[in-house]
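Here the structure comes first, spelled out in structure tokens, and everything after it is commentary.
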Amino acid sequence: MELGFIITKIITHPDVVVEIDKDLKKFSTMRLNARGDLITIRSVDGLKRTLKELTKNNIRYRVLGWGANILLPSTARIPYLQLDFDFDRSVLEKAQSEYVLPASVSLATLTSHANKFGLKGWEVFTGIPASLGGAIFMNAGTNLGEIGTIIKEVNLVTKNGEEKLIKIDQHSFTYRHNHFVEPGDVIYQARLIHFGIDEAISKKIREYLEMRTRTQPLKEWTCGCVFKNYQDPDLRVTCRAGLFIDIMGLKGLSIKNLQISPKHANFMENRGESSYEDVMTMITVLQKELKLQTGVSFETEVEY
Ligand SMILES: Cc1cc2nc3c(=O)[nH]c(=O)nc-3n(C[C@H](O)[C@H](O)[C@H](O)COP(=O)(O)OP(=O)(O)OC[C@H]3O[C@@H](n4cnc5c(N)ncnc54)[C@H](O)[C@@H]3O)c2cc1C
């Protein structure tokens, strides 16, 4: 029996919508041609039931946030889960001391709230396209800091459909990593703090956004930085993948409609109908060339 058919039979819940063989191009920021089964979940109860049923039937799944750090294959072999929880938006009408927000809220919404009320600590969201859940999973961050610093608690549902509360401490996050999400867990909510009100935050957010718009292709279809920077343990220096690709003269290199961004060499722009295979070919070419020229094996930051 086809997987999609099985999923529609086992998951019947009023807060869960199952779509089989859906066009998923708009579900990742790189807009690669992609199709797959999508399960949209609108409540904790729906999430618990979905995970329990999928696990019981030995069906693996992948959580999709904003799709800003994932390369979607042309045809997915496992279903994607996406959360779309409603919440009381009036909490964003004034500054609060703490916030309990769903994983599906976008960082853009939170940046705009921080900008309006000057929430200290929340400048870390600036310019990162993400859902709150995806950003917590990745411990996303910029020069202004990491999201882990303002997370107090995380609520998740395990693959067996059980709820779990995680109290965040100094060991919960490291660079672009969390240390509490187990395979199959789905984050559905988090409690956020801030460090007071500071009028300078709005200026900081505006200036940082302007700088990013100048230096990164934020209006193009990309997946953010493709390679992680390399930290040399002996020399204690950071080798920036983008800088090396630039020095090697590879900015602007194209494979069909896929191009290394002329604005920032660690970004690849999909300028048309690029596929997962095109991106993988470009990654392989760059990794080989980087190794040859610098001796460094650069790992990818983007997931595939
Ligand atoms: C233009 C651009 C600029 C970017 N700049 C930055 C930057 O400055 N700093 C930075 O850190 N990143 C940056 N990124 C990468 C990306 O924004 C981050 O990695 C972000 O955290 C991804 O969030 P997402 O919601 O899109 O997650 P996705 O890409 O959809 O998923 C990422 C991972 O998180 C998991 N996941 C998502 N939601 C959940 C959940 N609810 N529960 C459990 N697991 C989950 C997914 O399964 C996947 O493994 C950039 C990307 C783009 C396109």
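The values are calculated or read from the model by the stated rules, or taken from the named source; none is laboratory data. Just so you know, these numbers come straight off a predicted model, no measurement behind them. When we count neighbours, we look across all protein chains shown, and the Cβ atoms used for this are built from the backbone with ideal geometry, even at glycine.
What to note about this one:
- If you go through the stretch 196-223 and keep only what is surrounded by fewer than 12 Cβ atoms within 10 Å (Cβ to Cβ) and either in contact (Cβ under 8 Å) with a residue 60 or more places away in the chain or touching a helix residue (DSSP H, G or I) at 6+ places or on another chain (Cβ under 9 Å) (or both), you end up with 196, 197, 199, 200, 219.
- The single condition among (1) within 16 Å of the ligand (Cβ to nearest atom); (2) within 30 Å of residue 112 (Cβ to Cβ) that residue 203 does not satisfy is (1).
- Boolean, residue 229 is within 15 Å of the ligand (Cβ to nearest atom), in contact with a Cys (Cβ under 8 Å, 6 or more places away or on another chain), within 26 Å of residue 175 (Cα to Cα) and modelled with pLDDT under 90: yes
- For the stretch 10-45, filtering for residues that are assigned to a strand (DSSP E or B) and farther than 28 Å from residue 162 by Cα leaves 4.
- Residues that are modelled with pLDDT under 95 and loosely packed, with under 13 Cβ neighbours inside 10 Å were ranked within the stretch 56-77; the one that is farthest from residue 218 (Cα to Cα) is 77.
- Residue, farthest from residue 126 (Cα to Cα), within the stretch 144-195, restricted to residues that are polar (S, T, N, Q) and in contact (Cβ under 8 Å) with a residue 12 or more places away in the chain: 160
- Within this structure, residue 107 fails the test of being surrounded by 18 or more Cβ atoms within 10 Å (Cβ to Cβ), more than 11 Å from the ligand (Cβ to nearest atom), at pLDDT 95 or above and farther than 23 Å from residue 61 by Cβ.
- Residue within the stretch 148-164 that is within 15 Å of the ligand (Cβ to nearest atom), modelled with pLDDT under 95 and hydrophobic (A, V, I, L, M, F, W, C) present: no
- Of the residues making up the stretch 256-300, those that are under 22 Å from residue 76 (Cβ atoms) and β-branched (Val, Ile, Thr) are 279, 281, 283, 284, 300.
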